């Protein structure tokens, strides 16, 4: 079972919450649906998943959650921005159909590989170019 330490925020990021769960999909749905109407997350509309980490052991996830809870707000914001600079709701696409990788209209599933790291091609004159594969 995978355990997750995660951070949710309000729409304007005025409030954030740090939690731990082995069913983060269920917990985020509960936040979105305000399943517990008197909870902190329901009162402040904290239902946008902005950061999470996965752990093999629950004790590790709980230790990380406790560490994050001790951090200052600015330190938490820096962590989120370092990994999710646009504050995208990481759960926004959960439950939606997945577009096959071979669908050329789905640019979001393309992988960028630096030209110089592609094993079957000779690097071009500019090694900083990237190629969409």
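Laboratory data are not the source of any read-out in this text; all were calculated from the coordinates shown. Keep in mind that this is a model prediction, so the values were computed, not measured. Here the Cβ is made from the backbone with ideal geometry for all residues, glycine too, and neighbour counts use every protein chain on show.
Observations
- Matching residues in the range 43-63 - criterion: being surrounded by fewer than 17 Cβ atoms within 10 Å (Cβ to Cβ) and part of a helix (DSSP H, G or I): 43, 58, 59, 60, 62, 63
- Residues of the range 32-42 satisfying the condition of being part of a loop (DSSP other than H, G, I, E, B) and surrounded by 14 or more Cβ atoms within 10 Å (Cβ to Cβ): 34, 39
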